[in-house]
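The values are calculated or read from the model by the stated rules, or taken from the named source; none is laboratory data. Note that the structure is predicted; figures quoted are calculated from it, not measured. All Cβ positions, glycine included, derive from the backbone under ideal geometry; neighbour counts span all protein chains shown. In case anyone asks, the SASA skips ligands and DNA or RNA and just uses the protein heavy atoms, side chains included. Shrake-Rupley method; radii C 1.70, N 1.55, O 1.52, S 1.80 Å.
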Amino acid sequence: MSQTRHVPVMLQRCLDLLAPALEASEPQHPVVVDCTLGLGGHSEALLSAFPSARLIALDRDKEALRLSGERLAPYGDRATLVHAVYDELPEVLARLGVPKVQGVLFDLGVSSMQLDEADRGFAYAQDAPLDMRMDQTTGVSAAEVLNTYPPGELVRILRAYGEEKQAKRIVSAIVREREKEPFSNSARLVELIRDALPQAAKRTGGNPAKRTFQALRIEVNGELAVLERAIPAAVRSLAVGGRIAVLSYHSLEDRLVKQVFAAGAATTAPPGLPVVPERYQPRLKLLTRGAELPTEEEVAENRRAAPARLRGAERIREDER
């Protein structure tokens with residue numbers, strides 16, 4: 001499997017956002033965390049762009065850790081790779097004896113490797129077993145979700161995580177079909193979705209299976225629940241002056257990031273105080289106006305960048321003890 005085809009999304013912009021924190025004179029060896037290592041594209045760029053920085057990189061996918069380990073080997077002990085889900089960041093830092101970090105990066109897209117390796121079942125464009133687990137050693141597969149979840153729960157997942165307007169139609173078809181024979185492969189699901197949708201719904205927004213596959217992937221990997229814990233934990237791990245950059249790929253993720261950043265950048269003072277005491281002052285400064293989008297040139301070069309949304313923030317104050 002070649003690593004050349006993996007093009008990190010909005011790479012230069014991520015480096016620019018984190019640079020002031022990683023180029024400051026203190027500390028001598030700033031620590032930057034790549035919470036979503038994947039194939040190591042962003043991590044390699046961070047190590048190369050900031051020669052005094054130390055990297056801690058997390059991934060729940062053992063195959064990704066193995067491949068990126070080879071890629072980052074030239075950087076020796078500057079890179080520490082950890083098998084962990086990104087909401088485990090506080091435990092990882094505690095174990096490594098790192099109280100605060102200067103930079104954090106999240107790239108929340110499914111890694112190119114998982115999309116490109118057919119047998120993982122993430123992609124709707126090719127037939128594969130319906131697995132979708134990012135860590136294949138644990139948890140339930142997408143097939144189990146389809147075959148065992150009650151209809152109401154499936155409708156909720158498709159609506160909440162896939163923003164699928166035709167959820168009821170699709171779920172009725174799934175329930176009818178799974179009674180005849182349990183689901184195991186993606187092609188059958190794609191075909192079922194195509195047949196279940198009204199003509200008008202098929203004409204909008206790319207592959208009609210896209211939203212259902214997204215919803216299943218989020219459910220299987222508990223992605224939004226993990227993210228809800230991970231972003232606030234990452235903000236808390238930042239030293240004052242530290243910076244965080246988050247790339248998300250659908251509106252649910254972006255909304256979560258936006259809420260955490262907005263809350264951190266707001267004053268928590270009761271209304272009407274003539275002077276706002278220090279403890280109510282914002283903890284974060286927003287570094288992006290809204291969410292930044294990739295350039296047209298980048299999308300032309302790398303179609304996976306198209307849905308990306310980038311938000312950044314800087315830690316400007318400690319939490320009150």
> Which condition does residue 164 not pass, out of (1) part of a helix (DSSP H, G or I); (2) among the charged types (D, E, K, R); (3) open to solvent by less than 50 Å² (accessible area, probe 1.4 Å); (4) at pLDDT below 95, if it passes all the others?
Replying inline: (1)
> Counting only residues that are touching a strand residue (DSSP E or B) at 6+ places or on another chain (Cβ under 6 Å) and surrounded by fewer than 17 Cβ atoms within 10 Å (Cβ to Cβ), which one in the stretch 67-83 is farthest from residue 32 (Cα to Cα)?
Replying inline: 69
> Here are 106, 183: which of them is closer than 26 Å to residue 42 by Cβ, buried (at least 16 other Cβ atoms within 10 Å of the Cβ), modelled with pLDDT of 95 or more and of a type in the set (Phe, Trp, Tyr)?
Replying inline: 106
>> Which numbered condition in (1) of a type outside the set (Asp, Glu); (2) within 29 Å of residue 60 (Cα to Cα); (3) not in a strand (DSSP E or B) is the only one that residue 279 fails?
In response: (2)
>> For a quick check of your reading of the model, give me the residue pairs whose first member lies in the stretch 138-160 and is touching a residue at least 40 places away in the same chain (Cβ under 8 Å) and β-branched (Val, Ile, Thr), whose second is in a helix (DSSP H, G or I) and surrounded by 15 or more Cβ atoms within 10 Å (Cβ to Cβ), with beta-carbon atoms closer than 7 Å and at least 6 apart or on different chains.
In response: 140/220; 145/216; 145/219; 145/220; 157/215; 157/219
> residue 181 passes all but one of (1) more than 19 Å from the chain's Cα centre (by Cα); (2) over 22 Å from residue 147 (Cα atoms); which number fails?
Replying inline: (2)
>> Looking at 30, 8, 90, can you tell me which residue is over 22 Å from residue 228 (Cα atoms) and modelled with pLDDT of 95 or more?
In response: 30
>> Going through 57, 64 one at a time, which residue ends up being part of a helix (DSSP H, G or I), within 21 Å of residue 86 (Cα to Cα) and open to solvent by less than 10 Å² (accessible area, probe 1.4 Å)?
In response: 64
> Within the stretch 259-271, how many residues are among the small types (Gly, Ala, Ser), in contact (Cβ under 8 Å) with a residue 24 or more places away in the chain and open to solvent by less than 30 Å² (accessible area, probe 1.4 Å)?
Replying inline: 1
> Would you pick out the residues in the stretch 69-87 that are more than 25 Å from residue 225 (Cβ to Cβ) and of a type in the set (Ser, Thr, Tyr)?
Replying inline: 75, 80
> Of all residues in the stretch 84-98, which are open to solvent by 50 Å² or more (accessible area, probe 1.4 Å) and touching a helix residue (DSSP H, G or I) at 6+ places or on another chain (Cβ under 6 Å)?
Replying inline: 90
>> Within the stretch 144-161, does at least one residue satisfy the condition of being surrounded by 19 or more Cβ atoms within 10 Å (Cβ to Cβ), within 25 Å of residue 304 (Cβ to Cβ) and in contact with a Lys or Arg (Cβ under 9 Å, 6 or more places away or on another chain)?
In response: yes
>> Can you tell me which of (1) over 25 Å from residue 305 (Cβ atoms); (2) in a helix (DSSP H, G or I); (3) at pLDDT below 95; (4) charged (D, E, K, R) is the one residue 77 doesn't meet?
In response: (3)
>> Against the condition touching a residue at least 60 places away in the same chain (Cβ under 8 Å), among the aromatic types (Phe, Trp, Tyr) and either open to solvent by less than 20 Å² (accessible area, probe 1.4 Å) or within 30 Å of residue 87 (Cβ to Cβ) (or both), how does residue 213 come out, does it pass?
In response: yes
>> more than 28 Å from residue 29 (Cα to Cα) and in contact (Cβ under 8 Å) with a residue 40 or more places away in the chain: which single residue out of 231, 218, 193 fits that description?
In response: 218
> What number of residues in the stretch 124-147 are over 13 Å from residue 184 (Cβ atoms), among the small types (Gly, Ala, Ser) and at pLDDT 80 or above?
Replying inline: 1
> For residue 9, all conditions in the list (1) touching a residue at least 12 places away in the same chain (Cβ under 8 Å); (2) more than 30 Å from residue 296 (Cβ to Cβ); (3) open to solvent by less than 50 Å² (accessible area, probe 1.4 Å) hold save one; what is the number of the exception?
Replying inline: (2)
> Which residue, of 227, 256, 252, 247, is in contact with a Ser or Thr (Cβ under 9 Å, 6 or more places away or on another chain), surrounded by fewer than 21 Cβ atoms within 10 Å (Cβ to Cβ) and aliphatic (A, V, I, L, M)?
Replying inline: 256
